[in-house]
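Q: Structure incoming, see below.
The values are calculated or read from the model by the stated rules, or taken from the named source; none is laboratory data. Every value quoted in this text rests on a predicted model; they were computed, and no experiment measured them. Every residue, glycine among them, receives a Cβ derived from its backbone with ideal geometry; neighbour counts consider all protein chains shown.
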């Protein structure tokens, strides 16, 4: 059985999948392989499009509200801090291989966090639900999907931005259909919160998964190389727990901050949710009263709260270190958080679910999202079906394939792959572009 240091030597090795096979990048000073990964992501078109994708509040005109890009940048900052903290603790334990530093762990998580939402479709979780429901329609299944294998069919009915993100980084960007970004294995694995396919997830009663059938072989190669195989499946990379925690910290705090900016909740609501995490001295700081706006007061509370949560979550990781390394920790780090952090997450969750998620304007737009996706998929799926089957195609269908451009299916693509190409195209759209195309398909100027 490997020691923890031996495990980390595998978990941190900067291997890449290239046209020449698996290659090990030299761990040079300066722009090392993990920083190169960060650069590949941040300069990509898929990442850039996140600026026009919903975080929580769709199609708002307030420039202070977060989108998926600003959210991802902030998550990467928090993730880097968590990685630095855990890296320092591992070095103190003597478990960090000598060639690696705490900075390397911070850089790995920073790059992974940057890409953690890169596969999300337009309009976020509402978009995911709309896609799933379209594919679950029994009439659609009988007409277009009855010849798919069960594992292939599950990829569509359980569509998830996490699996689409895995496909974006490994198949779609840069080297299209030839390795994507070709990121280092530690960065790829740190992105994976649910190391299973859609079909496997359904088999164990889960809803979340992280790779499609199309990427199964690549997933197995990466996780096998890193020593993450376990009986009957795969273990999570330890650093994925820190990515997940960084995302949880940001969306709970930032989504409330945005809701206050939009006047969905009040400053008093925000402050009350902070009570389990911040002591009376922080909450009644004279500086808060001296500030000239609730926006500034909220920002100060958010900064203080994150400053408290980061070391607490770092300690939670170390408290559960053995279980994490053995792959036996259940759930996220936040499920095992200390009382102050757990109390805040619970209070913030109540505000989020009772006031933010049920905001009438947000709800109305989410309902409209179903109409938008129905218009798109009602055109693109039949076009790809008839093209792949060699059937006669209408003028509309041939033009739909032209509109898909590089995402259109090729002559050698299977029906399953042709449908994946549709998801690549549609989920890659921005909110604005998806709305525009849907309007064009309807022949009207409104959604």
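Q: Scan segment 192-205 and tell me whether some residue there is part of a loop (DSSP other than H, G, I, E, B), surrounded by fewer than 18 Cβ atoms within 10 Å (Cβ to Cβ) and outside the structural domain of residue 371 (by TED's automatic domain parsing).
A: yes
Q: May I pose another question? Please state which of the following conditions residue 339 fails to meet, knowing it meets all the rest: (1) modelled with pLDDT of 90 or more; (2) surrounded by 12 or more Cβ atoms within 10 Å (Cβ to Cβ); (3) under 23 Å from residue 308 (Cα atoms).
A: With respect to (1) modelled with pLDDT of 90 or more; (2) surrounded by 12 or more Cβ atoms within 10 Å (Cβ to Cβ); (3) under 23 Å from residue 308 (Cα atoms), residue 339 is out only on (2).
Q: I would also like to ask the following. Looking at segment 312-335 only, could you name the residues that are within 16 Å of residue 243 (Cβ to Cβ) and in contact with a helix residue (DSSP H, G or I) (Cβ under 6 Å, 6 or more places away or on another chain)?
A: 313, 314, 316, 317, 320, 324, 329, 332, 333, 334
Q: Pick from segment 8-39 the residues that are more than 14 Å from residue 185 (Cβ to Cβ) and part of a helix (DSSP H, G or I): which of them is nearest to the chain's Cα centre (by Cα)?
A: 38
Listed here are the residues, each with its yes/no results for (1) under 26 Å from residue 78 (Cβ atoms); (2) touching a strand residue (DSSP E or B) at 6+ places or on another chain (Cβ under 8 Å).
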position	(1), (2)
171	no, yes
185	yes, yes
217	no, no
221	no, yes
231	no, no
249	yes, no
258	yes, no
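Here's the yes/no breakdown for (1) in a helix (DSSP H, G or I); (2) out of contact with any helix residue (DSSP H, G or I) (no Cβ under 6 Å at 6 or more places or on another chain); (3) within 30 Å of residue 186 (Cβ to Cβ):
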| position | (1), (2), (3) |
| --- | --- |
| 244 | yes, yes, yes |
| 249 | yes, no, yes |
| 259 | yes, no, no |
| 275 | no, yes, no |
| 303 | yes, yes, yes |
